[in-house]
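S.K.: Quick one: the structure is below, questions incoming.
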Amino acid sequence: MRAVVYERYGTPDVLELKTIDKPVPKENEVLIKIHATTVTAGDWRMRKADPFLVRLFNGLLKPKKVKILGFELAGIVEDAGKNVKSFKTADHVFASCGFKFGAYAEYTCLPENHLIALKPSNMTFEEAATVPIGGLTALRFLKQSHIKEGDKVLIYGASGSVGTFAVQIAKSYNAKVTAVCSTVNVSLMQQLGADEIIDYTKSDYTQSETRFDIVFDAVGKASASACKNLLQPGGRFVTVTRTPKESPDDLIVLKKLIEAGRLITVIDRRYTLEQIREAHAYVESFRKKGNVVVNIVSE
């Protein structure tokens, strides 16, 4: 099969398209023919070994544990181990690969009890492939912040992958959402249902007179101290630089929101596996809005 492999840390040029052996599923695994994946911050940070802690996880001098990146995917189950009960051949699925990565390839194997679910019926493969990382991150942090109906929620970095999902998920709780973004993304925030929008190129969001129940830093660039005055007494500050609490049914929750028409994905650019270097360079530039998709099988 074709796969993008990296043997050393560095720029996007270290990513190489090669032909390697197709994996064989273990008794508890499904073999997935991947139709689409994405480029996330987690992918380029692993490639670049930024932060340095990546080297402690994946090899001090060169990648050892993970050599094929790709954090999330959508595709079709081609085979299943004899102990697999939840999925069968020809099922359309979407999944988070977790820190196993491996989605920059034509096939991968994932354990049945991994974060895999049947693909939302009203999404294409490329749309579904964008949901597991950004969608799960947004959902988990909002749940961790104990979001409830009527809450005032400020989302900083609202135009990114996590942010675009967070705006919609917060609205699904009937919260009042204030999105912080740049001028070029104001119309997108309106389309996603934000109640108020702060254009950070024109005003300082930390000087807002509104007091919020939740301030969600969806890009990891804000600080609790900078946002302290934005919070009501008892208000919560959450940031993607921390680790959210997980629940095994989180992907199913997202699937239900999608099929109910309450959650869509924002795709900025589409690339092919052959263009993976260009895709990484673009995402690393911090200019993307929503998600960047890599199509492995043309739909």
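Since every read-out is calculated from the coordinates, none of them should be taken as a lab result. Not measured: the values here are computed from a predicted model. Every residue, glycine as well, gets a Cβ built from its backbone with ideal geometry; the counts of neighbours run over all protein chains shown.
S.K.: Using a Förster distance of 22 angstrom, determine the FRET efficiency expected from the C-beta separation of Glu78 and Glu7, and round it to 0.05.
M.R.: Details: r = 27 Å, r/R0 = 1.24.
Once rounded, the FRET efficiency stands at 0.20.
S.K.: How much mean residue ellipticity at 222 nm does the chain get from its helices, if each DSSP H run of length 4 or more adds -39500 (n - 2.57) and you divide by all residues, to the nearest 500 deg cm²/dmol?
M.R.: On the way: 9 runs with 75 residues, N = 299.
The per-residue figure over the chain is -7000 deg cm²/dmol.
S.K.: Among Gly70, Gly102, Gly234, whose mean-square fluctuation peaks in a Gaussian network model of the chain (Cα, cutoff 10 Å)?
M.R.: Of Gly70, Gly102, Gly234, the Gaussian network model singles out Gly234 as fluctuating most.
S.K.: Near Tyr156, within a Cβ-to-Cβ distance under 12 Å, what is the net charge of the other residues, with Lys and Arg +1 and Asp and Glu -1?
M.R.: Details: positive: Lys221; negative: Asp204, Asp217.
Taking every other residue near Tyr156 into account, the sum is -1.
S.K.: While we're looking at this one, here's another question. Rg and Dmax in Å for region 134-239, alpha carbons only: what are they?
M.R.: Radius of gyration, then largest Cα-Cα span, for region 134-239: 12.0, 33 Å.
S.K.: Give me the one-decimal nm value for the distance between modelled label points at Thr210 and Ser247, 7 Å along each residue's Cα-to-Cβ direction.
M.R.: 2.5
S.K.: At what distance in nm do the modelled label points of Phe286 and Glu259 sit from each other, each positioned 7 Å from its Cα along Cα→Cβ?
M.R.: Label-label distance for Phe286 and Glu259, simple model: 4.0 nm.
S.K.: Scan region 14-82 for GluC sites (Glu not before Pro) in coil per DSSP, keeping those whose Cβ has at most 11 other Cβ atoms within 10 Å, and list them by number.
M.R.: Numbers: sites: Glu16, Glu27, Glu29, Glu72, Glu78; in loops: Glu27.
Those that pass, being in a loop and sparsely packed, are Glu27.
S.K.: Would you mind getting me the FRET efficiency between Lys202 and Gln232? Use the beta-carbon distance for r and R0 = 30 Å, nearest 0.05. Intermediate values should be presented prior to the final figure.
M.R.: Values: r = 25 Å, r/R0 = 0.82.
Rounded to the nearest 0.05, the efficiency is 0.75.
S.K.: Ok, one more. Figure the gain on full extension for Lys64 and Gln191 (residue separation times 0.36 nm, minus the Cα-Cα span) and round it to one decimal in nm. Don't jump to the answer; show the numbers that get you there.
M.R.: Numbers: separation 127, 0.36 × 127 = 45.72 nm, distance 4.31 nm.
Length gained, Lys64 through Gln191: 41.4 nm.
S.K.: To continue, here is another question. Which angle between 0 and 90 degrees, to the nearest 10, do you get for helix 161-172 versus the longest principal axis of the chain when only C-alpha atoms count?
M.R.: Rounded to the nearest ten degrees, it is 60.
S.K.: Testing the spin-label approximation: label points 7 Å from Cα along Cα→Cβ at Tyr173 and Lys85. State their distance in nm.
M.R.: Going by the 7 Å Cα→Cβ label model, 3.3 nm.
S.K.: Can you check what the net charge comes to around Ala175, using other residues whose Cβ is under 15 Å from the Cβ of Ala175 (Lys, Arg +1; Asp, Glu -1)? Kindly include the intermediate steps, with their values, before the conclusion.
M.R.: Working: positive: Lys143, Lys148, Lys152, Lys171, Lys176, Arg211, Arg236, Arg262; negative: Glu149, Asp151, Asp195, Glu196, Asp213.
Net charge around Ala175: +3.
S.K.: Over the Cα atoms of the chain, Rg to Rh with Kirkwood Rh, two decimal places? Each step should come with its number before you reach the end.
M.R.: On the way: Rg = 19.2 Å, Rh = 19.7 Å.
With Rg and the Kirkwood Rh in hand, the quotient comes to 0.98.
S.K.: OK, next. Among Asn58, Ala260, Thr124, flag the residue with its Cα farthest along the positive direction of the charge dipole of the chain, charges on Cβ as +1 for Lys/Arg and -1 for Asp/Glu.
M.R.: Asn58
S.K.: Another one. Calculate the FRET efficiency for Lys22 and Glu278 from the Cβ-Cβ distance with a Förster distance of 22 Å, rounded to the nearest 0.05.
M.R.: Working: r = 26 Å, r/R0 = 1.18.
With R0 = 22 Å, the Cβ-Cβ based efficiency is 0.25.
S.K.: Just tell me which aspartates and glutamates come within less than 19 Å, Cα to Cα, of Lys26; anything on the same chain fewer than 8 places away is out.
M.R.: Hits, sequence-local ones excluded: Glu78, Asp79, Asp91, Glu106, Glu112.
S.K.: When only DSSP loop residues count, what trypsin sites (Lys or Arg not before Pro) in region 222-265 have their Cβ near at most 12 other Cβ atoms within 10 Å?
M.R.: Working: sites: Lys228, Arg236, Arg242, Lys245, Lys255, Lys256, Arg262; in loops: Arg242, Lys245, Arg262.
Those satisfying the criteria are Arg242, Lys245.
S.K.: Using Cβ contacts closer than 10 Å as the measure, can you line up Ile267, Ile155, Ile20, Ile296 from fewest to most? Write out the running numbers ahead of the final one.
M.R.: Values: Ile267 18, Ile155 32, Ile20 14, Ile296 28.
With the sparsest Cβ surroundings first, the list reads Ile20, Ile267, Ile296, Ile155.
S.K.: Follow-up. Using θ = phi - 60° and the Karplus relation 6.51 cos²θ - 1.76 cosθ + 1.60, list the HN-Hα couplings for region 78-83 in order, rounded to whole Hz, with x at every Gly or Pro.
M.R.: Going residue by residue, I get 9, 7, 9, x, 5, 9 Hz, with x marking Gly and Pro.
S.K.: Moving on. Setting aside same-chain residues fewer than 8 positions from Lys289, which lysines have a Cα under 26 Å from its Cα?
M.R.: Candidates past the 8-residue exclusion: Lys48, Lys100, Lys119, Lys143, Lys152, Lys171, Lys176, Lys202, Lys221, Lys245, Lys255, Lys256.
S.K.: How much length would be gained if the chain were fully extended between Asn113 and Ser225, taking 0.36 nm per residue of separation minus their Cα-Cα distance, in nm to one decimal?
M.R.: The Asn113-Ser225 span can extend by a further 36.4 nm.
S.K.: Okay, moving on. Expressed as a rounded percentage, what relative contact order does region 134-239 have, with Cα pairs under 8 Å and six or more residues apart? Kindly include the intermediate steps, with their values, before the conclusion.
M.R.: Details: 216 pairs, mean separation 30.1, N = 106.
Relative contact order of region 134-239: 28 percent.
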